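Below: one structure, written as structure tokens.
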Amino acid sequence: MREFSVQNMARNYYDNPKHNEHVRTLSLLLFDQLEPLHHYSGFERDVLSAAAIVHDIGMAVGYNDHHKHGFYLLMETSLAGYSHREHALIALLVRYHRKGSPSSEGIDDVLEDGDMTRVSKLAALLRIAEYLERSKAQRVRDLVCHVSDDYVQIEAVADGGLQVEIHEANLRKDLFESAYGATLEIVASRSNPS
């Protein structure tokens, strides 16, 4: 039911299935590999996964500020199978998937202690994934994260050039660095021919 409600919302507002699925794939690759830094589990992974599918629904209203439009669309509709808190977290991730420093947007009553830290860390992953999929051409084939206490390198693996994607993602790494307290470097790597 949860997956259907998220997919249905994407279809009803603005759906680019290949892009949405790729952003989800990249987000979850980052989430899984960076677990030693965030220590989150299935709850956060599910919230991030859902947010990745509906991250662009605000495009139904307009491109400019579509992250804000998406937040309001989510807050004014229901997502079957999700608690109010989960729904609020998804909406906040959509709100901050492009830019800005996360705030509770006036929905503090639904949130629990630690949720804004959670939103910052998850939104940082969604933002990096979004900009690594900037061309909407699914150029990034895989991600490999190299992690130490205060430094993270994300290696984006592709068959061809990723100049635009790498440039755009590196321009938006500030939320990641703030949320994780680590310097981030995003680099391109060519896939090995088979």
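The values are calculated or read from the model by the stated rules, or taken from the named source; none is laboratory data. What you see is a predicted model, and the numbers here were worked out from it, not measured in a lab. Because the Cβ atoms are built from the backbone with ideal geometry, glycine has one as well, and the counts that use them run over all protein chains shown. For the accessible areas, the whole protein counts, side chains as well, though only heavy atoms, and no ligand, DNA or RNA atoms are used. Shrake-Rupley method; radii C 1.70, N 1.55, O 1.52, S 1.80 Å.
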Once the Cα gyration tensor of region 67-194 is diagonalised, semi-axes √(5λ) in Å: 30, 17, 12
C-alpha center-to-center spacing [region 65-80, region 85-112] in angstrom: 11
Relative packing of peptides 125-133, 107-115 - highest average C-beta neighbours within 10 Å first: 125-133, 107-115
Check: region 1-140 dipole with +1 on Lys, Arg Cβ and -1 on Asp, Glu Cβ, in debye: 600
Cα coordinate range in region 1-81, projected on the principal axes (Å, largest first): 38, 27, 21
Rounded percent of accessible protein surface that carbon and sulfur make up, the chain, 1.4 Å probe: 47
Of Lys68/Lys99; Lys99/Lys173; Lys18/Lys68; Lys18/Lys136; Lys99/Lys121, pairs whose Cα-Cα distance is over 18 Å: Lys18/Lys68
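Which of the peptides 168-179, 46-57 is most tightly packed, and how do the rest follow, judged by the mean count of other Cβ atoms within 10 Å per residue? Intermediate values should be presented prior to the final figure.
Numbers: 168-179: 17.8, 46-57: 25.1.
Peptide ranking by packing, descending: 46-57, 168-179.
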Ser148 paired with Ala60, simple spin-label distance in nm, labels 7 Å along Cα-to-beta-carbon: 4.7
Theoretical FRET efficiency, 1/(1+(r/R0)^6), r = Cβ-Cβ of Asn170 and Ser135, R0 22 Å, to 0.05: 0.90
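If you average the sequence gap of Cα pairs under 8 Å that are 6 or more apart and divide by the length of region 21-148, what percent do you get for the contact order?
Values: 145 pairs, mean separation 38.8, N = 128.
Rounded, it is 30 percent for region 21-148.
How big is the charge dipole of region 81-194 about its Cα centre, in debye rounded to the nearest 20, if each Lys and Arg gets +1 on its Cβ and each Asp and Glu gets -1 on its Cβ?
Numbers: 14 positive and 19 negative charges, 110 e Å.
Result for region 81-194 is approximately 520 debye, rounded to the nearest 20.
What's the magnitude of the charge dipole for region 1-67 around its Cα centre, counting Lys and Arg as +1 and Asp and Glu as -1 at the beta-carbon? Answer in Debye, nearest 20. Display every interim value, and only then the final one.
Numbers: 5 positive and 9 negative charges, 30 e Å.
My answer is approximately 140 debye.
Considering only protein heavy atoms, what per residue accessible area in square angstrom results for region 42-194 with a 1.4 angstrom probe?
Values: 6840 Å² over 153 residues.
For region 42-194, the per-residue accessible area is 45 Å².
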